[in-house]
1. Sequence-distant or interchain residues sharing an amide H contact under 5 Å with F39, placed H: which?
2. Using Cα centres only, tell me the gap between the stretch 528-587 and the stretch 273-340 in whole Å.
3. Net charge near A260: determine it from the other residues with C-beta under 13 Å of the C-beta of A260, scoring Lys and Arg +1 and Asp and Glu -1.
4. Could you give the size of the charge dipole of the stretch 401-446 about its Cα centre, using +1 on the Cβ of each K and R and -1 on the Cβ of each D and E, expressed in debye and rounded to the nearest 20?
5. According to the square roots a ≥ b ≥ c of the eigenvalues of the Cα gyration tensor, what is the shape class of the stretch 162-281, taking rounded for a/c under 1.5, prolate for a/b larger than b/c otherwise, and oblate for the remainder?
6. So, with a 1.4 angstrom probe, what is the percent of accessible area on the stretch 387-485 that is carbon and sulfur?
7. Looking at the stretch 269-335, which chymotrypsin sites (Phe, Trp or Tyr not before Pro) are DSSP coil and have at most 13 other C-beta atoms within 10 Å of their C-beta?
8. How large is ³J(HN,Hα), in whole Hz, for each residue of the stretch 180-196 in order, when computed from phi with the Karplus curve 6.51 cos²θ - 1.76 cosθ + 1.60 and θ = phi - 60°, using x for Gly and Pro?
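The values are calculated or read from the model by the stated rules, or taken from the named source; none is laboratory data. Note that the coordinates shown come from a computational prediction; the quantities given were computed from them, not determined experimentally. Don't worry about glycine lacking a Cβ; one is built from the backbone with ideal geometry, like all the others, and counts go over all protein chains shown. Ligands, DNA and RNA are excluded from the accessible area calculation, which covers all protein heavy atoms including side chains. Shrake-Rupley method; radii C 1.70, N 1.55, O 1.52, S 1.80 Å.
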Amino acid sequence: MKKLLSIYCCLLFLLGGAVFSQNKYYETRLDAPIGNDVFCVMTENDSTFSVIGRYFIDYGTFNTSWSYFAKSNQFGFETPITYYEVDTIGGDFGVYDMVKTETGYVATGYISTNEFDNYYYIFLLYLDNEGNVIELKNITPDNNASLGYSIAKNTEGDLFIGGYYTPPFISPNRDKLYLAKLNSSGEKIWEYTDWTYPYHCVFRAVLPTDDGGCYAAGYVNAYLFNESGEFYLTKFNSNGTMAWERIYDVGTTDACYDMALTRDSGLILCGESGFRKAHLLKTNNAGDSIWSKKYFLNEERSEFVKVASLLDTTYVAIGSIKSNDDPGMDLLITKVDSLGNLMWHRRYGQQEINDYGYDFTPVPIPKGGFVVVGRTDTIVPTSNPGIQWSLGRGYIVKTNCMGLLTMPEAAFTTEQDPDVPSRFLFTNQSQYAYPDSIDGGYYVLDWGDGSPPYLCGQGYAPCTQDTLIHTYQTEGIYGVTLQAIVCNDTSTQIQSICFGVVPNPQAEFSYQDFSGAIIFTNLSQNSYLAQGGYYVWDFGDGSPPVSAEHPTHEYEENGSYTATLTLVVCADTSVYTLEVVVQTVGISPPDPLKREKTLHIYPNPAQNTLTFALPEGQTPPSGGWGVTGDLGVKLYNLTGQLVLQITLAAGETVKTISVAHLPEGLYIYVVEYGGVALARGKVAVVR
């Protein structure tokens, strides 16, 4: 058994499609060397996930495959990818599946000796939480060629491996079913190797059962020349004896690729049948078929390779699809109801190239969406005219619960009836809510006067009209709120309605300069923020406008800037401008004090106490950090009000004070010496 030669990391970024990298939902690709596939994804929390896959190395006369592991951040991959090499040039090392353990991860797949070795061997790859290799263990059955497709873990920590093995001196397409149960250290508890079925056989999925055994699913008798093959499902007891087995002849060229437990304790199997048509099969816990359905019969080709059972008793399957007039495959996401009826399907990818889905994970919160991984091909020209390479890239699609990349955008307009002043017309102009679609979103329109809100869309009455009429009973200023809600995303817009009242807004502000960071203190009157009044700040330096009540802005250069505050209530607008003079950008602290001698502020966030401390080995200058009338540390709230001030006396390096009396919120601290700001920052006070 060969060993891993090295593990190395490099910075590798996901290159996005037609979306910005900071979008919550996106489709993007992973550019590993030469080409790569992402075979497995697992959710870490509701916004991050881990992936493992395979990439190729081109040696000119032959290619070899190695593996990699990576963790995402909230918006994709901007963290190092860990690559796993093998010690023999030309040897293959591919990972197909992994599970989470208490100490990290364990994965399975295949490994070979060199390019001349036609045998693959099953292994277990133990990783820590950062993807570093702990151990590589060979679990090959009697040194026969073999491959691990699926790995699962039960609550006791036991592992189940499903795949195939090929005994020596057997003709092609004679792979046999392979299943093993191991303890957490990778030592075999039992092993199953089967010769019953004559042609190509494999376990593609395993699931633990509560009694210490497992379910295993795959296909048998898949012999391409006879265009045959059947779905295969079996249950094993904890001691490795077979409890039962089922063969499902659902068409021709049938192949089962995955299964999942259902909410009624049954199983849902996915794959392809009937000359490459996506297929789902629902069974009870004894393997008896309940329903069996083909999908996309009018398309040239389709397949489901992974399936999940959702909390609402629906099912989602992913895979690939190709239309008759489309030169390439598309990544496919499909949702069906509890009886297998199609609810919706989405296609992702580019025209004229192949895009595949290999694995996915539902985000672990209600209506949280999906992360789908696979491969997208890139066409690469060669030096030989007319010849092109199809180069694979890891493909990742993160969607909402409807399989979409969009987020709702609430928007509406208002108009007062000139004949009946108490009556107002509201026109919904929201986007990306899909209230009339199966599994779509809905609207909540609150009139702001205590009357029942208007609701329409999924779970409520259909949204039959875009314009609504509401009559107010008494004069006043009302804040009307529209929420567009899709899956786990909510977009809100608030507008003010003035009936018989003149709001008379008065915009005004002041500012303070903290070494180039300007704290703007809003002094406006009649803002009616709770009723939909709003601010627009223009800082006069070309930066985007903001709507905060008391913003902080950093100018990049010294100079004079015309800052403008606009306050809008109903249709009444007030504008206030002020010349902001910035003179402290880039000013260095005076000698002998250096910027690195500023204070450490901790804990941050703070709850009851806050400590100010010099870095180890440094002392305050003679006379302390402060001078007469100019204290060393000041703490301001976001309105610019001074709420706390201290000084460090000569020789004093640490000072802890109470902040228990301060309201919860964000504060700005400024470290000063001789009237010059040496450092500033933000500290949060929490309760």
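1. Here the answer is I52, G53, R54, since their amide H atoms fall under 5 Å of that of F39.
2. 54 Å
3. Charge balance in the 13 Å sphere: +1.
4. The calculated dipole for the stretch 401-446 is roughly 80 debye.
5. oblate
6. Carbon-and-sulfur percentage of accessible area, whole number: 50.
7. Loop-located and lightly packed - F275.
8. 9, 10, 10, 7, 5, 8, x, 7, 6, 8, 7, 9, 10, 10, 10, 10, 5
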